[in-house]
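The values are calculated or read from the model by the stated rules, or taken from the named source; none is laboratory data. What you see is a predicted model; the values in this text were computed from it and never measured. As a convention, Cβ positions derive from the backbone with ideal geometry for all residues, glycine included, and neighbour counts pool all protein chains shown. Areas reflect the complete protein model, heavy atoms only, side chains present, ligands, DNA and RNA absent. Shrake-Rupley method; radii C 1.70, N 1.55, O 1.52, S 1.80 Å.
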Amino acid sequence: MARLDAVPKAISGPSGFLDDRLGAGNFLRRNLRKIFPDHWTYLLGEVALYSFIILLLTGTFLTLWFKPGMEHVIYDGSYAPLKGVGMSQAYASSLEISFDVRGGLLMRQMHHWAALLFVASMMVHMLRVFFMGAYRKPRELTWLIGVVLLALALVEGLTGYSLPDDLLSGAGLRITEGVAISLPLVGTYITFFLFGGEYPGTEVISRFYSLHILLIPGLLLALVGAHVVLTWVQKHTQMPGNGANNRNVVGAPLYPAFMLKAGALFLFTFALIVALGTFAQINPIWIFGPYNPADISAGSQPDFYMGFLEGSLRLMPAWEINLFGTSYAGTLPLSVIIPALGPMGAIITGLALYPFLERWMTGDHRALHVSDRPRNNPHRTSIGMAAIVFYGVLWLLGANDELSANFQISLNVTTYVGRVLVLVGPVLAYAITYRICLGLQRSDAAVIGHGVESGVIKRLPHGEFVEVHTAPIDTVEDSLRSKEPVPMLPVEKDSAGIPPKGMRGLLGKLRAALSKWYGGEKIPLDNSRGHVGVGHVGGDGDALSADRRQPPEPTR
């Protein structure tokens, strides 16, 4: 009989091989038994990682065939409708990849779908981390790296989207140029750096190509590696309950459990992207034709991750400030500067600063390894939902022309409604989410105070019909009782009436007010509204133990 504590041969063999040559056997043996939490939400970041790997593989294939030049050529390829049409070398090579290279169209579409999945999974993963408070000490640096990764992914998507030099991507590139040149002081320098002169110039595709395949992927690869290493060292946060606390890790080992799950998820992600690339057409550049600054396509929309910037540009009123008369040199086009920098700056800056602002408000400097349930920190959850609604309104109104055309609504009406919703929507989302969180906390308190509804109706001796409540299962009760009040700063004055250090002055008073608003217990778990114990019916506490000792009488 094999010993239960024996090391499996699949681990001991490689460990011995490496230990004999590198002295790394103990390291490998120890880390192959590293424990990972089991909850499915921890795999959302894995989807982003696997999408990034697929992006690198498909992008390498496309690099072998793509020609990043803007030299004028006459198309003579397989796509008959464009034969004899003048176009850039970049667009011609994109058509060649699509129609003449074996598997080229599949790789193009897989690359595009993988890019969308990469950004989408990063967003969902970041929302999971935010709502569960997994960005707190000691994971602030991991969170900041994630924020930078998201910003770089958006820029990487923009540069890649522009490379085919078709009419649709050219329209987006024209918007990019307009935004860049509107920036005060540095706008003309940025434009010259990207375009090499007057728009569209002859250098933008080659410069975007260098950014897209070399500089930004190098930064992404380095930051992804740092993110994974930090996650490995600091461990994942754990879901509350099931015996999890700040001193242990509850889950399954890396080998074989997590490896099997991760491998299966990679294959599933790969299969999904292959299926989308095969059956779901995306970015059919041959339909749009080559880019011409004099042409524009109706109803053109960017990829989803740039939709909120498109919406902010469409909703912003035509404001500008003339500093020195009416000359262009003294004009600040607020209708471009504000939507270009405002939403992106607010979202990215807010994400980067939030862990430190929360710690400043709560004074919580503990190392936390257990996640919060979103309902247990209602203000954080409400702030997150307000940001989602803000983003969603801008994203939706990026297609205000399509909304107007399909629903037969005036374009002015959709624009004015969007301007109201982008301000009122986040406030409503905050208020509604906060009330929902408090309601869910009351529901948790009711489960602790009353038990779980069993569906069994019992008739009491005096004729009253009541539903019998039963105790929740251990895992549910453990999860509910893991709730802790949101920390608050001590704001009590001493015997001399002097506030604590750090609570004095205008900034200190603001900090104290924010701490009182943000922290504290909103709905205590023992708020049972006069009821006593699990399964309590009526007002008789003895009925509780009677209900739990013997089965209820059937309803007659």
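Looking at the range 101-111, can you tell me whether even one residue there is in contact with a Leu (Cβ under 7 Å, 6 or more places away or on another chain), open to solvent by 20 Å² or more (accessible area, probe 1.4 Å) and closer than 22 Å to residue 223 by Cα? Yes, some residue in the range 101-111 is in contact with a Leu (Cβ under 7 Å, 6 or more places away or on another chain), open to solvent by 20 Å² or more (accessible area, probe 1.4 Å) and closer than 22 Å to residue 223 by Cα.
Within the range 76-91, the set of residues being open to solvent by 20 Å² or more (accessible area, probe 1.4 Å), touching a residue at least 12 places away in the same chain (Cβ under 8 Å) and either over 24 Å from residue 201 (Cβ atoms) or within 36 Å of the chain's Cα centre (by Cα) (or both) comprises 78, 79, 81.
In the range 336-358, of all residues being surrounded by fewer than 16 Cβ atoms within 10 Å (Cβ to Cβ) and of a type outside the set (A, V, I, L, M, F, W, C), the one that is farthest from residue 143 (Cα to Cα) corresponds to 342.
For the range 144-186, a residue qualifies if it is β-branched (Val, Ile, Thr) and modelled with pLDDT of 90 or more, and the qualifying residues are 145, 147, 148, 155, 159. May I ask you to list the residues in the range 308-335 that are surrounded by 11 or more Cβ atoms within 10 Å (Cβ to Cβ), modelled with pLDDT under 90 and assigned to a helix (DSSP H, G or I)? The answer is 330, 334, 335. Free of Cβ contacts under 8 Å to residues at least 60 places away in the same chain, open to solvent by less than 50 Å² (accessible area, probe 1.4 Å), among the hydroxyl-bearing types (Ser, Thr, Tyr) and not in a loop (DSSP other than H, G, I, E, B): is that true of residue 98 in this structure? No: the conditions fail for residue 98. Taking (1) surrounded by fewer than 16 Cβ atoms within 10 Å (Cβ to Cβ); (2) within 25 Å of the chain's Cα centre (by Cα) in turn, residue 197 satisfies each apart from (2).
Being open to solvent by less than 20 Å² (accessible area, probe 1.4 Å) and in contact with an Asp or Glu (Cβ under 9 Å, 6 or more places away or on another chain) is a property that holds for residue 135. Looking at the range 262-277, is at least one residue touching a strand residue (DSSP E or B) at 6+ places or on another chain (Cβ under 7 Å), in a helix (DSSP H, G or I) and more than 30 Å from residue 202 (Cβ to Cβ)? No, every residue in the range 262-277 fails to be touching a strand residue (DSSP E or B) at 6+ places or on another chain (Cβ under 7 Å), in a helix (DSSP H, G or I) and more than 30 Å from residue 202 (Cβ to Cβ). Only residues that are part of a helix (DSSP H, G or I), open to solvent by less than 50 Å² (accessible area, probe 1.4 Å) and under 15 Å from residue 305 (Cα atoms) were counted across the range 392-411, and they come to 4. Restricted to the range 155-170, and to residues there that are surrounded by 18 or more Cβ atoms within 10 Å (Cβ to Cβ) and among the hydrophobic types (A, V, I, L, M, F, W, C), the residue that is farthest from the chain's Cα centre (by Cα) is 167. With respect to residue 459, determine if the residue is more than 27 Å from residue 435 (Cα to Cα), modelled with pLDDT of 70 or more and open to solvent by 80 Å² or more (accessible area, probe 1.4 Å). Answer is yes for this residue. For residue 420, the stated conditions hold: it is out of contact with any helix residue (DSSP H, G or I) (no Cβ under 7 Å at 6 or more places or on another chain) and either β-branched (Val, Ile, Thr) or not in a helix (DSSP H, G or I) (or both).
When restricted to residues that are in a loop (DSSP other than H, G, I, E, B), of a type outside the set (Gly, Ala, Ser) and open to solvent by less than 30 Å² (accessible area, probe 1.4 Å), the range 289-307 contains 1.
Just one of (1) modelled with pLDDT of 65 or more; (2) under 20 Å from residue 376 (Cα atoms); (3) of a type outside the set (Gly, Ala, Ser) trips up residue 507, so point out which. So residue 507 meets the others, but not (2).
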